[in-house]
């Protein structure tokens, strides 16, 4: 993907500033907590996608 340099710099800077703020505000525990709490919604979405894939494959098998 050909992403503009300004967009890459913006996101890298933003992520770095958030990590620095979490480290200064609460230490490593705050940074780890933030990583886990942002990963939980993604895990739920992936689980729903796996379930939908399973249902789709089950219906496809019944058609054959």
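All of the numbers you see were taken from the coordinates with simple rules; none came from a lab. Given the structure is predicted, the values throughout are model-derived calculations rather than measurements. As a convention, Cβ positions derive from the backbone with ideal geometry for all residues, glycine included, and neighbour counts pool all protein chains shown.
Is one or more of the residues making up segment 38-47 in contact (Cβ under 8 Å) with a residue 12 or more places away in the chain, in a helix (DSSP H, G or I) and surrounded by 10 or more Cβ atoms within 10 Å (Cβ to Cβ)? No, segment 38-47 contains no residue that is in contact (Cβ under 8 Å) with a residue 12 or more places away in the chain, in a helix (DSSP H, G or I) and surrounded by 10 or more Cβ atoms within 10 Å (Cβ to Cβ).
From the list 32, 7, the one residue that fits, being exposed (fewer than 10 other Cβ atoms within 10 Å of the Cβ) and either on the phi < 0 side of the Ramachandran plot or within 18 Å of the chain's Cα centre (by Cα) (or both), is 7.
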